[in-house]
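The values are calculated or read from the model by the stated rules, or taken from the named source; none is laboratory data. Keep in mind the model is a prediction, meaning the values are calculated, not measured. Cβ placement follows ideal geometry from the backbone for every residue including glycine, while neighbour counts extend to all protein chains displayed.
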Amino acid sequence: MLTDRILPPEEWHRLEGDIAPLVPRLNPSRTVILVVEEDGAIVGRLLWLKADHIEGAWIAPSHRGKAAVLRSLWCRAQALIRASGGVTMIVAADRPDMATMLEKRGTPFPAQEYVICLRS
């Protein structure tokens with residue numbers, strides 16, 4: 001019989017496979033791990049990472065191409081996220097120059113991303 005439950009942090013060591021190296025870096029206050037078990041063995045899992053999404057970056061045309069404004073926004077955003085307990089942020093590039101900048105600082109998600117709106 002299959003059962004699903006939230007895996008408490010003290011059992012996260014049971015997770016195997018591609019996610020195992022990430023587990024020690026997860027913040028339990030910002031992560032929920034849902035598992036499906038059969039006879040006590042984990043047969044499925046997914047993680048809800050309560051990630052911070054950075055959006056709406058804009059720099060006045062007179063200041064584009066200069067590093068000071070972007071650096072100030074970038075550093076302040078990282079400090080705010082860290083202060084809230086976050087360890088990751090999600091950003092998207094809408095221009096090649098932004099993509100180049102982000103590639104130097106992060107790991108791209110797979111090309112197929114989806115936003116799924118939950119209805120009540």
- Item | Within the range 1-55, strands (runs of 3 or more DSSP E) holding 1 or more residues that are touching a helix residue (DSSP H, G or I) at 6+ places or on another chain (Cβ under 8 Å) and within 29 Å of ALA77 (Cβ to Cβ) | 31-38, 41-49
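Taking the range 56-74 on its own, how many of its residues are farther than 19 Å from MET89 by Cβ, assigned to a helix (DSSP H, G or I) and either in contact (Cβ under 8 Å) with a residue 24 or more places away in the chain or within 28 Å of the chain's Cα centre (by Cα) (or both)? Please lay out each step first, then the result.
In the first step, residues of the range 56-74 are kept if they are farther than 19 Å from MET89 by Cβ; the result is 60-68.
From the residues that got through so far, the ones that are assigned to a helix (DSSP H, G or I) too are 61-63, 67-68.
Restricting the remaining residues to those that are either in contact (Cβ under 8 Å) with a residue 24 or more places away in the chain or within 28 Å of the chain's Cα centre (by Cα) (or both) gives 67-68.
Final tally of qualifying residues: 2.
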- Message: Taking the condition of being in a helix (DSSP H, G or I) and in contact (Cβ under 8 Å) with a residue 24 or more places away in the chain, how many residues in the range 75-106 meet it?
- Response: 3
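If you scan the range 52-67, which residues turn out to be among the small types (Gly, Ala, Ser), loosely packed, with under 14 Cβ neighbours inside 10 Å and under 30 Å from ASN27 (Cα atoms)? Give the derivation first.
Filtering the range 52-67 down to residues among the small types (Gly, Ala, Ser) leaves 56-57, 60, 62, 65, 67.
Cutting the leftovers down to loosely packed, with under 14 Cβ neighbours inside 10 Å gives us 56, 60, 62, 65, 67.
Scanning the range 52-67 gives a single hit, GLY56.
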- Whichever residue in the range 68-98 is modelled with pLDDT of 85 or more and small (Gly, Ala, Ser) and, among such residues, is nearest to ARG30 (Cα to Cα): SER84
- Has the range 2-23 got at least one residue that is closer than 16 Å to THR88 by Cα and either surrounded by fewer than 11 Cβ atoms within 10 Å (Cβ to Cβ) or in contact with a Cys (Cβ under 9 Å, 6 or more places away or on another chain) (or both)? yes
- Note on the structure: Of those in the range 99-120 that are over 16 Å from the mean Cα position of the chain (by Cα) and at pLDDT 75 or above, the residue farthest from HIS63 (Cα to Cα) is LYS104
